[in-house]
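Comments concern the structure below.
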Amino acid sequence: MNKVLFSTISKKFIMALAGLFLLMFLPVHLAVNLMLLKPDPEPFNKAARFMATFPLIRIMEIVLFAGIVIHITTGLIIQIQNWLARPVGYAGGSKSETSFFSRYMIWTGASIMIFLVLHFFNFYFIRLGLVPGNPDDFYTVAHNLFSIPAYNYIYLSCFLLLGLHLYHAFSSAFQTLGLNHRIWTPVIRIISLIYSIAIPLGFGIISIIIWKFR
């Protein structure tokens, strides 16, 4: 029993660390994507080339991919263990706001994983030469994609679900790491709310501006 408990706690701890690492990457990605709003494609393409060639960025890219794989894998394992441990749903009674987000984390996470596959196919695989496209002009690639209504619907829907995922993930990661405090925990919850709104909103605004006004 102790081994099972330790195993579950260890997986949650690892998932929390990987999740926090991914949370630090999103603002950087958003800052780069904001260059897509410039009429001149060179700043964005220059940033994309820098991220594709600078050795430290390449190392961080590998760490990022590892973080994604670890976060998704441990999340799936924990969810499956929870399903097996409690095969029968709740008979009744109310559930807290936290439990609501917690229950749907696996589904919001699955939608994000689908989006990542689509994102890699449209950008990273171009860089690897696996799909057609100009790896030196991702500005045009992005603008062409955002001109497709169906792509925007998928993109905006995924970032809406990402916001729901981030709201619970941000605060629960600190809780999993044992960083609970009567003063700082409410502050972390406020930051998680702001973060979960600001990040998806930023990406969404870029999509809508290019789609509707460019």
**OP:** Would you mind computing, in nm to one decimal, how far apart the modelled labels at L130 and F13 are, each placed 7 Å from Cα along Cα→Cβ?
**Re:** 3.4
Subject >> Shape of the range 14-70, Cα gyration tensor, a/c cut at 1.5 >> reply: oblate
Subject >> Table column - 3J(HN,Hα) (Hz), the range 63-73, Karplus curve with 6.51, -1.76, 1.60, x for Gly and Pro >> reply: 4, 5, 4, 4, x, 5, 4, 5, 4, 5, 5
Original post:
So if R0 is 41 Å, what FRET efficiency would I114 and I190 give, r being the distance between their Cβ atoms, rounded to the nearest 0.05?
Top reply: 0.85
Original post:
Applying the Karplus parametrisation 6.51 cos²θ - 1.76 cosθ + 1.60 with θ = phi - 60° to the phi angles of the range 134-147, what ³J(HN,Hα) value in whole Hz is obtained for each residue in order, glycine and proline being reported as x?
Top reply: 9, x, 9, 9, 5, 4, 5, 4, 5, 5, 5, 5, 6, 7
Original post:
Check V131: other-chain or 5+ apart residues with amide H under 5 Å from its amide H, H built from backbone geometry?
Top reply: I126
Original post:
How high is the FRET efficiency from F121 to A85, r the C-beta distance, R0 30 Å, rounded to 0.05?
Top reply: 0.25
**OP:** Counting other beta carbons within 10 Å of each Cβ, put S196, S111, S147 in order, fewest first.
**Re:** S147, S111, S196
Original post:
Most exposed first by the Cβ proxy, i.e. fewest other Cβ within 10 Å, how do R127, R214 rank?
Top reply: R214, R127
**OP:** Could you let me know the centre-to-centre spacing of the range 24-40 and the range 109-169, using Cα atoms, in angstrom?
**Re:** 14
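We did not get these values from a lab; they are worked out from the coordinates using the rules stated. Just so we're clear, the structure is a prediction, and the values are computed from it rather than from any experiment. With ideal geometry, Cβ positions are generated from the backbone for all residues, glycine too; neighbour counts draw on all protein chains shown.
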